[in-house]
1. Tell me which residues, restricted to the range 119-141, are at pLDDT 90 or above and open to solvent by 80 Å² or more (accessible area, probe 1.4 Å).
2. Kindly provide the set of residues from the range 152-170 that are closer than 22 Å to residue 260 by Cα, among the hydrophobic types (A, V, I, L, M, F, W, C) and open to solvent by 60 Å² or more (accessible area, probe 1.4 Å), ordered by number.
3. Being touching a Ser or Thr at 6+ places or on another chain (Cβ under 9 Å) and either at pLDDT below 90 or surrounded by 10 or more Cβ atoms within 10 Å (Cβ to Cβ) (or both) is true for just one of 37, 59, 49, 32. Which residue is that?
4. Do you know which of the residues in the range 65-108 that are without any contact (Cβ under 8 Å) to a residue 24 or more places away in the chain and part of a strand (DSSP E or B) is most open to solvent (accessible area, probe 1.4 Å)?
5. Tell me which helices (runs of 4 or more DSSP H) are completely within the range 132-226 and hold 1 or more residues being under 21 Å from residue 241 (Cα atoms) and touching a residue at least 60 places away in the same chain (Cβ under 8 Å), or say none if there are none.
6. Taking into account only those residues within the range 233-255 that are part of a helix (DSSP H, G or I) and among the β-branched types (Val, Ile, Thr), which is farthest from residue 113 (Cα to Cα)?
7. Right, residue 174: within 18 Å of the chain's Cα centre (by Cα), over 30 Å from residue 226 (Cβ atoms) and open to solvent by less than 60 Å² (accessible area, probe 1.4 Å) or not?
Amino acid sequence: MTKTAERRPVAHPPVRPLPAPAPAGRRRRRLADQARAHGFLLGGLLCFALFSWYPAIRAVVISFQRYTPGSPPEWAGTANFTRVLDDPEFADAWRNTLTFTLLALLIGFAVPFVLALVLNELRHARSFFRVVVYLPVMIPPVVSALLWKWFYDPGAGLANEALRLLHLPTSHWTNGTDTALVSLVLVATWANMGGTVLIYLAALQSIPGELYEAAELDGASLLQRVRHVTIPQTRFAILMLMLLQVIATMQVFTEPFVITGGGPENSTVTVLYLIYKYAFLYNDFGGACALSVMLLVLLGAFSALYLRLTRTEGDT
């Protein structure tokens with residue numbers, strides 16, 4: 001007979017005890033923290049609802065009404081939209097706004113990116129130049145526009161004085177129909193590029209240095225490094241800032257209102273300035289809201305199409 005092998009006992013992992021239920025005090029603190037967080041969120045939502053959503057909804061309603069302050073509104077259907085579309089200033093306002101947006105993209109999009117590249121390469125006084133670049137943003141827009149209005153004065157303005165000093169021909173600047181809109185684009189670019197430069201600078205500083213070192217080892221020039229390393233690595237910031245810039249420039253108002261008053265010969269009348277004229281000069285709030293709704297629909301459709309076209313495969 002053969003001996004049967006003795007069976008060794010199988011080792012089982014120790015049974016871990018179930019976690020003890022959280023004490024009632026800890027659960028109450030968690031609920032209190034959640035309630036506090038929702039309270040802060042509710043305050044923000046109420047502010048948005050009161051100062052953003054309600055006025056937008058109210059404007060859509062008024063755009064279909066014959067509305068005059070002090071009298072009950074009357075339903076007008078699409079009469080406000082028809083009247084606005086028949087206005088001779090309507091086409092001028094949209095043409096000027098689209099031209100302003102195109103010029104702002106050509107000038108105001110390239111200049112901040114180049115400045116960010118230069119600031120990123122600085123090794124000394126970097127903080128000082130950041131403050132200098134951001135300083136125009138801290139100046140109130142109306143004050144900035146008034147400074148540029150004096151700067152563009154055809155007679156004793158600083159711009160023409162500098163041209164005379166250099167023995168160059170002077171310009172009419174904002175008093176000329178062919179130069180007024182470009183002059184306003186320069187003002188808007190100077191006043192708003194500080195924040196854009198800092199965002200670009202933050203995106204540039206997040207690029208790993210190994211990518212530039214590899215490009216240099218491959219013999220890439222400066223322009224090739226910018227094209228094949230810098231731009232792809234800052235793609236998200238570039239696309240978002242371009243969208244925000246289009247939305248902002250389509251709503252330009254301060255510069256035409258303060259500097260040119262829509263002139264000369266309606267060459268700087270923008271959509272938002274025309275909305276102001278309908279509401280506060282013509283006392284036609286229905287027409288002003290109708291034009292506002294048109295601008296809202298256009299910007300909303302453009303934003304949706306832009307985000308759709310620029311969405312990558314990894315985006316949801």
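The values are calculated or read from the model by the stated rules, or taken from the named source; none is laboratory data. Keep in mind that what you see is a predicted model, and the values were worked out from it rather than measured. Every residue, glycine among them, receives a Cβ derived from its backbone with ideal geometry; neighbour counts consider all protein chains shown. Please note that ligands, DNA and RNA were not included when accessible areas were found on the heavy atoms of the full protein model with its side chains. Shrake-Rupley method; radii C 1.70, N 1.55, O 1.52, S 1.80 Å.
1. If the condition is that a residue be at pLDDT 90 or above and open to solvent by 80 Å² or more (accessible area, probe 1.4 Å), then 135, 138, 141 are the ones that fit.
2. Passing the criteria: 156, 158.
3. Working: 37 fails: touching a Ser or Thr at 6+ places or on another chain (Cβ under 9 Å); 49 fails: touching a Ser or Thr at 6+ places or on another chain (Cβ under 9 Å); 32 fails: touching a Ser or Thr at 6+ places or on another chain (Cβ under 9 Å).
Of the residues listed, the single one that is touching a Ser or Thr at 6+ places or on another chain (Cβ under 9 Å) and either at pLDDT below 90 or surrounded by 10 or more Cβ atoms within 10 Å (Cβ to Cβ) (or both) is 59.
4. 75
5. 141-151, 180-205
6. Across the range 233-255, the extreme among qualifying residues is 254.
7. Working: within 18 Å of the chain's Cα centre (by Cα): no; over 30 Å from residue 226 (Cβ atoms): yes; open to solvent by less than 60 Å² (accessible area, probe 1.4 Å): yes.
The answer is no for residue 174.
Matching residues to (1) assigned to a loop (DSSP other than H, G, I, E, B); (2) open to solvent by 50 Å² or more (accessible area, probe 1.4 Å):
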position	(1), (2)
231	no, yes
266	yes, yes
273	no, no
286	no, no
298	no, yes
307	no, yes
